[in-house]
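Working notes for the structure below.
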Amino acid sequence: MEIIVGKRILSANAETAADNRRKLRAEGVLAVNLLGSPGAGKTTLLEALIPHIRGRLTAAVIEGDLATARDAERIEATGLSAIQINTGGGCHLDAGMVASAFDSLDFGALDLLLIENVGNLVCTAGFDLGEHLRVVVLSVTEGDDKVEKYPPMFRSANCLVLNKIDLLPHTNFDVERTTREARILSRSVEVMGVSATSGEGVETFARWLIEQRRNWIAGKDHAKQ
Ligand code: MG
Ligand code: ZN
């Protein structure tokens, strides 16, 4: 019984997600679902990214959290508009929540919508939000066993950001092993090392996003249309 209910929820979500994706596509707004554990550095990565895309892409951010508007406030402090969605205890964003934020966004003025999901390596992977690309943030302090332990998350990744690489000398994290395992699950995944706090690698991430949007507008490459 519970399984049937779960399937119905997922199929309703898939329809709303497809609607979201069509609306975004019609407006030329590339949507990126940013996923990862709590503390992986998703918000810090966005804060570091924003100065690198300024003047190159116009972006807005949707922040998903169980409670508080803290992350949206951090993003707004950089000068970007941010909409906070509080899930009220829910452990993932769904397509309906994202749709409800659309009214507050000026799509005509946007190139890029960055959606920071609730910190969670499990069920966030199962909910399509209507995004065109998925970026998974895994910090090297979380350990290099996570790709094999949480396959759905990494299977759907277009880009894997290995964050906190400034801390690599203090860990036994194996970048090559992680890259190899991630590419088994998602053959074309782009893997990049970043330190959101020192800024290392952030320009590479910015350039990847800019290139993805250019290719997406042209109807090429891996982003969903
Ligand atoms: Mg956050
Ligand atoms: Zn959940």
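Quick check on the stretch 16-23. Is at least one of its residues modelled with pLDDT of 95 or more, aliphatic (A, V, I, L, M) and over 16 Å from Phe127 (Cα atoms)? There is no residue in the stretch 16-23 that is modelled with pLDDT of 95 or more, aliphatic (A, V, I, L, M) and over 16 Å from Phe127 (Cα atoms). Entry remark, the stretch 127-150: residues being surrounded by 15 or more Cβ atoms within 10 Å (Cβ to Cβ) and part of a helix (DSSP H, G or I) number 5 in total.
Evaluation of Glu203 against the conditions (1) in contact (Cβ under 8 Å) with a residue 60 or more places away in the chain; (2) under 15 Å from the mean Cα position of the chain (by Cα) shows that the sole unmet condition is (2).
If the condition is being more than 16 Å from ligand 1 (Cβ to nearest atom) and farther than 26 Å from Arg214 by Cα, then the stretch 120-140 contributes Val122, Cys123, Gly126, Val140. Of all residues in the stretch 21-41, those satisfying the criterion of being small (Gly, Ala, Ser) and surrounded by fewer than 16 Cβ atoms within 10 Å (Cβ to Cβ) are Ala26, Gly28, Gly39. The number of residues in the stretch 42-58 being surrounded by fewer than 24 Cβ atoms within 10 Å (Cβ to Cβ) and either away from ligand 1 (no atom under 16 Å from the Cβ) or not aliphatic (A, V, I, L, M) (or both) comes to 11.
Residues are listed down the side, and each one gets a yes or a no for (1) among the β-branched types (Val, Ile, Thr); (2) surrounded by fewer than 16 Cβ atoms within 10 Å (Cβ to Cβ); (3) in contact with a Lys or Arg (Cβ under 9 Å, 6 or more places away or on another chain):
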| residue | (1), (2), (3) |
| --- | --- |
| Ala157 | no, no, yes |
| Leu162 | no, no, no |
| His170 | no, yes, no |
| Glu176 | no, yes, no |
| Gly199 | no, yes, no |
| Val202 | yes, no, no |
| Gln212 | no, no, no |
| Gly219 | no, yes, no |
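Would you say Glu63 is within 13 Å of ligand 1 (Cβ to nearest atom), of a type in the set (D, E, K, R) and over 14 Å from Ala101 (Cβ atoms)? Judged against the criteria, Glu63 is not a match. In this structure, does Ile165 turn out to be within 23 Å of Ala14 (Cα to Cα), touching an Asp or Glu at 6+ places or on another chain (Cβ under 7 Å) and of a type in the set (Val, Ile, Thr)? When the stated conditions are applied, Ile165 does not pass them.
In the stretch 51-83, of all residues being of a type in the set (Val, Ile, Thr), closer than 21 Å to Asn163 by Cα and touching a strand residue (DSSP E or B) at 6+ places or on another chain (Cβ under 7 Å), the one that is nearest to ligand 2 (Cβ to nearest atom) corresponds to Ile62.
Mind telling me which of the residues Leu113, Leu46 ends up being in contact (Cβ under 8 Å) with a residue 24 or more places away in the chain, more than 22 Å from Asn13 (Cβ to Cβ) and within 12 Å of the chain's Cα centre (by Cα)?
Of the residues listed, the single one that is in contact (Cβ under 8 Å) with a residue 24 or more places away in the chain, more than 22 Å from Asn13 (Cβ to Cβ) and within 12 Å of the chain's Cα centre (by Cα) is Leu46.
Leu162 falls short on exactly one of the conditions (1) in contact with a His (Cβ under 7 Å, 6 or more places away or on another chain); (2) of a type in the set (A, V, I, L, M, F, W, C); (3) closer than 18 Å to Gly39 by Cβ, and that condition is (1). Of the strands (runs of 3 or more DSSP E) lying entirely inside the stretch 1-116, those carrying at least 3 residues that are in contact with a Lys or Arg (Cβ under 8 Å, 6 or more places away or on another chain) and within 20 Å of Asn158 (Cα to Cα) are 30-35. Residues that are within 16 Å of ligand 2 (Cβ to nearest atom), polar (S, T, N, Q) and over 19 Å from Phe107 (Cβ atoms): does the stretch 32-39 have at least one? Taking every residue of the stretch 32-39 in turn, at least one turns out to be within 16 Å of ligand 2 (Cβ to nearest atom), polar (S, T, N, Q) and over 19 Å from Phe107 (Cβ atoms).
The values are calculated or read from the model by the stated rules, or taken from the named source; none is laboratory data. These figures come from a predicted structure and were not determined experimentally. Using ideal geometry, Cβ is built from the backbone for each residue, glycine included, and neighbour counts are taken over all protein chains shown.
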